[in-house]
Amino acid sequence: MKKAAFGLYIVLTIALMIWGFYMAIYGAPLDAAQGEIFRIIFYHVPSFAAAFTFFSVSFLGSIAFLSFRRSHPDWAQRADAWALAGAEVGVVFCTVGLTTGPIWGRRAWGIWWTWDARLTTTLVLWLIYVSYLLLRRFAAGPQMQTLAAVLGIFGALDVPIVYMANRWWRTQHPAPVFGGAEGSGMDPSMLPAFFWNMGAWFAWGILILALRYIVERKQQRIDAAEAQDALNATN
Amino acid sequence: MDEKAILDHQFVVAAYTVTWVIQLGYLAWLAFKARAQKRASHNQQNPK
């Protein structure tokens, strides 16, 4: 039953991705100012929205790990697996945003990159979570998960700064399309393509997040069994 | 199509391609990791 539901979710996600792609390319009209290049928004914005959401998952997982590591070790291990999965999938989506952005910027602004507040804080966010993943990959010992959790919490503090950067400071990056100043927003004819792609990328993100969580939980069990074997061998 | 429209189209194709390469590349890495784990847990249960 569980397997069938998971299979159905995969099929629905693939269907949603195909439909989202169709809507982005054929469903949305050309932008009056930017022409076809504006279609990058249908991948760029959902990627960052997903990245921020999954970094928040990592943030909550890190807090839960620190809270339960002494009282409920099994809960703490689950929380740690969510923290890792959230950080890793967040980095994947953030990487997509940081590569599609300059491609769009090159055509729209004539430059690949500029050190404005929005772009710089986003790059810093990406670097923090890449360092989180490197810490988890190369550090060893019992303190590794605790250090990673602390870094995960501090890293997430950059998310609201990135989100607010083009509201607080004057940036090369455009003002917010949604929730911005008066007159901001998207033409209603483009909204279906935007929201279908938002749904599709979130469905995809949840799928790979769940897969990453399953893989990490299995890794924890393998590591625990190896540690037990080593202990048995020394006794 | 004028030159601007052709260039715009090429940049959109590039952005969409990069997105899919990153996402599917990550999925492939996950599948590779899961396969390695399967082998590791099999070896644990059946030591030589």
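Every number here is computed from the coordinates shown, using simple stated rules; none is lab data. Computed from a predicted model, the values in this text were never measured in an experiment. Glycine also receives a Cβ, built like all others from the backbone with ideal geometry; neighbour counts cover every protein chain displayed.
Taking only Cα atoms, what is the 0 to 90° angle, nearest 10, from helix A:2-22's long axis to the longest principal axis of chain A?
20
Starting at the first residue of the range B:12-21, write each ³J(HN,Hα) from the Karplus equation 6.51 cos²θ - 1.76 cosθ + 1.60 with θ = phi - 60°, in whole Hz, x for Gly and Pro.
Once rounded to whole Hz, the list reads 5, 4, 4, 5, 5, 5, 4, 4, 5, 5.
How would A:S62, A:S131 line up from fewest to most surrounding beta-carbon atoms within 10 angstrom?
Result, fewest neighbours first: A:S131, A:S62.
To test your reading of the geometry: what angle, between 0 and 90 degrees and rounded to tens, separates the Cα axis of helix A:191-234 from the longest principal axis of chain A?
20
What number results when the radius of gyration of the protein assembly as shown, computed over Cα atoms, is divided by 2.2 N^0.38 Å?
Scaled against compact globular proteins, the figure is 1.13.
Between helix A:41-68 and chain A, what is the angle of the helix's C-alpha long axis to the longest principal axis, kept within 0 to 90° and rounded to the nearest 10?
It is inclined by approximately 30 degrees.
Charges at C-beta only: +1 for Lys and Arg, -1 for Asp and Glu. How large is the resulting dipole of the range A:31-181 about its Cα centre, in Debye rounded to 20?
The calculated dipole for the range A:31-181 is roughly 120 debye.
Please work out the FRET efficiency for the pair B:Q10 and A:F195, using the Cβ-Cβ distance as r and a Förster radius of 30 Å; give the result to the nearest 0.05.
Taking R0 as 30 Å, the efficiency between B:Q10 and A:F195 is 0.65.
Count charges around A:V91 for me, please; just the other residues with Cβ under 14 Å from its Cβ, Lys/Arg as +1, Asp/Glu as -1.
Computed value for this residue: +1.
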